[in-house]
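Asker: Handing you this structure, nothing more for now.
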Amino acid sequence: MFPTTIAGSLPKPGWLSETQKLWPQWKLEGDALKQAKADATLLWIKEQEDAGLDIVTDGEQSRQHFVHGFLEQVEGIDFAHKVEMGIRNDRYKAMVPQVVAPLRLKGRVHEAEARLARAHTKKKLKFTMPGPMTIVDTVADRFYNDREQMAFAFAELLNQEALALQADGVDIVQFDEPAFNVYMKDAATWGVKALERAARGLTCTTAVHICYGYGIQANNDWKKTLGEEWRQYEQVFPALAASSIDQVSLECYHSHVPPDLMALLKGKDVMVGVIDVASDVIETPEQVADTIGRALQFVPRERLMPCTNCGMAPMAREVAVAKLQALAQGARLAAGRLA
């Protein structure tokens, strides 16, 4: 009961890259960097297992950023001439690559890290990739001049890699779509359709993660403008409930999301965010269990999966470890309360 997992990313060790940054710079290069990425992946698999999580990820240790880690293996994208662009509807500025030609994969994107993770854990393995709409919102378009058309072009490439990840032994392929909480009307129409295109043909479990962003200052400031009720999910959840996607990950603990919105995901497994990634305060198992209890008013127990609100990449490593432990302990406590 209550299988636990995380949204995807985990902090990078200080010997691999800068720490507590969303776009950290690597500290090594060449073969040394490749080995360090592998070492960090194995470290976090062990940490997740030791904490007691049921479904583990590679922690996105081989990617500088959750979007650009995929884009680096795509032809038609110019990384040499990045431009500054407002992303997430101008919530914050970032230096982004430019789409300058038709898109095509150079080859496999995440084969090495997926196979490494699969070989070193007997747990269920989840692998994350950015969703089509979020990619579109994190690049500068100098070729397609149409967000929807470009999203479907990216969806084709994501689908190629997702099918290959499935063949690598990945149990769950998750697409991260924070843009769904920003461009709600587009998300409910072509955004979900592009997401389904990215997942076409998969027989493993499919998931989508929709949150209010990493615990960085720009996101925290934005949340303060959203009022007492955050109802963005209300516009896209019905479309997701009608979609072919199996699981939906959402933000819950320490948010102003009305819990009853979870009822809009009838028929889906719901990854309920019970860990706040915007605070270094460690949740107690009791707090986690209480959050699970509130969610059970709207999500059947067999469909509830305790999770983190978002990725933990910018967080201090020791804080992330403690939060993983609280997540697993709280889920066990909640199961015990029901028993």
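The values are calculated or read from the model by the stated rules, or taken from the named source; none is laboratory data. A quick note: this is a predicted structure, and the numbers were derived from the prediction, not measured. As a convention, Cβ positions derive from the backbone with ideal geometry for all residues, glycine included, and neighbour counts pool all protein chains shown. Side chains are part of the model used for accessible areas, which takes the heavy atoms of the whole protein and leaves out ligands, DNA and RNA. Shrake-Rupley method; radii C 1.70, N 1.55, O 1.52, S 1.80 Å.
Asker: With charges only on Cβ, +1 for K and R and -1 for D and E, what is the dipole size of the chain about its Cα centre, in debye, rounded to 20?
Answerer: Using only the charged Cβ atoms, the result is roughly 320 debye.
Asker: Right, next: For the chain, calculate the relative contact order in percent as a whole number, restricting contacts to Cα pairs under 8 Å that are 6 or more residues apart.
Answerer: Averaging sequence separation for qualifying contacts and normalising by length gives 21 percent for the chain.
Asker: Just how large is the dipole of the stretch 202-255 about the Cα centre, in debye to the nearest 20, putting +1 at every Lys and Arg Cβ and -1 at every Asp and Glu Cβ?
Answerer: On the way: 3 positive and 6 negative charges, 18 e Å.
Once rounded to the nearest 20, the dipole reads 80 debye.
Asker: Continuing with the same structure: Can you find, among LEU33, ILE87, GLN61, the residue sitting farthest towards the positive end of the charge dipole of the stretch 30-102, where Lys and Arg contribute +1 and Asp and Glu -1 at Cβ?
Answerer: The Cα lying farthest towards the positive end belongs to ILE87.
Asker: Sticking with this one: Just to confirm, what accessible area per residue do you get for the chain at 1.4 Å probe, in whole Å²?
Answerer: 39
Asker: So what is the relative contact order of the stretch 158-277, in percent, for Cα pairs below 8 Å that sit 6 or more residues apart? Could the numbers behind the result be given before it?
Answerer: Values: 166 pairs, mean separation 31.9, N = 120.
Computed value for the stretch 158-277: 27 percent relative contact order.
Asker: Turning to a different aspect of this structure: Ignoring ligands, DNA and RNA, please state the percent of accessible area on the chain from carbon and sulfur, probe 1.4 Å.
Answerer: Roughly 48 percent of what the probe reaches on the chain is carbon or sulfur.
Asker: Going Cα to Cα from LYS123, which aspartates and glutamates come in below 16 Å? Please leave out same-chain ones fewer than 8 positions away.
Answerer: Answer for LYS123, where 16 Å is the Cα cut-off: GLU47, GLU49, ASP50, ASP54, ASP58, GLU113, ASP168, ASP171, listed by chain and number.
Asker: Further question: What percent of all Cα-Cα pairs in the stretch 1-92 falls in each 10 Å bin, counting up from 0?
Answerer: It works out to 14, 39, 32, 14, 2, in whole percents.
Asker: Sticking with this one: Beyond a 29 Å Cα-Cα separation, which of these cross-linked pairs lie in this structure: LYS12/LYS126; LYS12/LYS82; LYS93/LYS266?
Answerer: LYS93/LYS266
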